[in-house]
Amino acid sequence: PEEVAELVHELQTHQIELDMQNEELRTTQEELAESRDRYSDLYDFSTVGYLTVSDKGLVLEANLAIADLLGKERRSVIKERLSAFIVNDDQDAYYRYRRNLLESRERQSCEVRMRREGSDPFWARLDGAVVDTTEDKEIWLSLAITDITVRKQVEDSLLESEKRFMDVLRTSGDAILLIDGETFVDCNEATARMLGYSNREEFLMTHPSELSPPLQPDGMNSFEKANVMMRTAFEKGFHRFEWMHRKADGEDFPVEVSLTPI
């Protein structure tokens, strides 16, 4: 009887342990299900487009943001090659990017133009990483895709503005110089003629005081005064003053300088 009672007690204890393990397992499964649901919501309703692409470039997964970006239903994106949504002129850039991702296994990004159903192409930034699947040992690419059309338009406008500025600088009959920090980094040919140099490369990367006599007419050291004038221009947004320059042959001559921060 004692042995039977002991055996019953052990069985009861074992049953309690099994019940506890089962409860822990159910809790874990519920937490995993909740976690999957949260991930699914974050994936689907993110404002950034997310794709999972095979190593051959086939779209395996796509969220709703991608469908919106491409102007298509999600089911028509999945199982399609990603290259089908990239404009022809940017296909080479995309293939190089995908190859580099697979070979380097390092996070990388690239910018390509993508097709949008019923609309003009848009500029997209692709940020990708390699994902190794443990089950079938396949290699996938995880891509985040962002519409950067507005940024590209701003960049193009800035480049056009810079080009117009440089055209004015090159063709102006007045001496125009660009200063970065405290040194001349660019100028037009009119500057070289005014200073008596055969070409402008002879005096670029110099401080303004190096093209001046040691002292200005007010007795102030040219190096110190040049720095004061540049600092004043940055503080005020514009500064006009008289200055004594020195030509290549040593002749000093007065000029009026207008400094404008850009």
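Residues checked against (1) in a helix (DSSP H, G or I); (2) at pLDDT 90 or above:
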| position | (1), (2) |
| --- | --- |
| Leu60 | no, yes |
| Arg75 | yes, no |
| Ser83 | yes, yes |
| Asp90 | yes, yes |
| Ala93 | yes, yes |
| Tyr97 | yes, yes |
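So which residues in segment 192-216 are closer than 20 Å to Ser172 by Cβ, part of a helix (DSSP H, G or I) and open to solvent by less than 50 Å² (accessible area, probe 1.4 Å)?
Of segment 192-216, the ones closer than 20 Å to Ser172 by Cβ are 192-204, 208, 211.
Filter once more, keeping what is part of a helix (DSSP H, G or I): 192-195, 200-202, 208, 211.
Selection gives Ala192, Leu195, Arg200, Pro208, Leu211.
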Given the conditions (1) open to solvent by less than 70 Å² (accessible area, probe 1.4 Å); (2) more than 30 Å from Met205 (Cβ to Cβ), every one holds for Ala175 apart from (2)
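Confirm whether Gly219 is outside any helix (DSSP H, G or I), open to solvent by 30 Å² or more (accessible area, probe 1.4 Å) and free of Cβ contacts under 8 Å to residues at least 12 places away in the same chain. Before you say what the answer is, go through the steps one by one.
On the way: outside any helix (DSSP H, G or I): yes; open to solvent by 30 Å² or more (accessible area, probe 1.4 Å): yes; free of Cβ contacts under 8 Å to residues at least 12 places away in the same chain: yes.
So Gly219 fits the description; yes.
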Criterion (closer than 18 Å to Thr146 by Cα and within 23 Å of the chain's Cα centre (by Cα)) met by exactly one of Leu70, Leu64 = Leu70
Filtering segment 232-262 for residues that are in contact with a His (Cβ under 6 Å, 6 or more places away or on another chain) and part of a helix (DSSP H, G or I) leaves a count of 2
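Within the group Glu182, Glu160, Glu138, which residue is open to solvent by 70 Å² or more (accessible area, probe 1.4 Å) and in contact (Cβ under 8 Å) with a residue 60 or more places away in the chain? Step through it out loud before you land on a result.
Details: Glu182 fails: in contact (Cβ under 8 Å) with a residue 60 or more places away in the chain; Glu160 fails: in contact (Cβ under 8 Å) with a residue 60 or more places away in the chain.
After applying the criteria, what remains is Glu138.
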Subset of segment 222-262 [over 20 Å from Asp186 (Cα atoms), small (Gly, Ala, Ser) and surrounded by 13 or more Cβ atoms within 10 Å (Cβ to Cβ)] = Ser222
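Across segment 79-95, what is the total count of residues that are open to solvent by 50 Å² or more (accessible area, probe 1.4 Å) and either in contact with a strand residue (DSSP E or B) (Cβ under 8 Å, 6 or more places away or on another chain) or free of Cβ contacts under 8 Å to residues at least 12 places away in the same chain (or both)? Lay out the reasoning, then the answer.
Going through segment 79-95, the residues open to solvent by 50 Å² or more (accessible area, probe 1.4 Å) turn out to be 79-81, 88-89, 92, 95.
Retained after the next criterion (residues that are either in contact with a strand residue (DSSP E or B) (Cβ under 8 Å, 6 or more places away or on another chain) or free of Cβ contacts under 8 Å to residues at least 12 places away in the same chain (or both)): 79-81, 88-89, 92.
Qualifying residue count, segment 79-95: 6.
So for segment 106-113 (the condition being part of a helix (DSSP H, G or I) and open to solvent by 50 Å² or more (accessible area, probe 1.4 Å)), does at least one residue qualify?
First, the residues of segment 106-113 that are part of a helix (DSSP H, G or I): none.
Checked segment 106-113: no residue is part of a helix (DSSP H, G or I) and open to solvent by 50 Å² or more (accessible area, probe 1.4 Å).
The values are calculated or read from the model by the stated rules, or taken from the named source; none is laboratory data. The structure presented is a predicted model; accordingly, all values stated were derived computationally and were not measured. Positions of Cβ are generated from backbone atoms using ideal geometry, with glycine treated the same way; all protein chains shown enter the neighbour counts. These area figures cover heavy atoms from the full protein model, side chains too; ligands, DNA and RNA do not enter into them. Shrake-Rupley method; radii C 1.70, N 1.55, O 1.52, S 1.80 Å.
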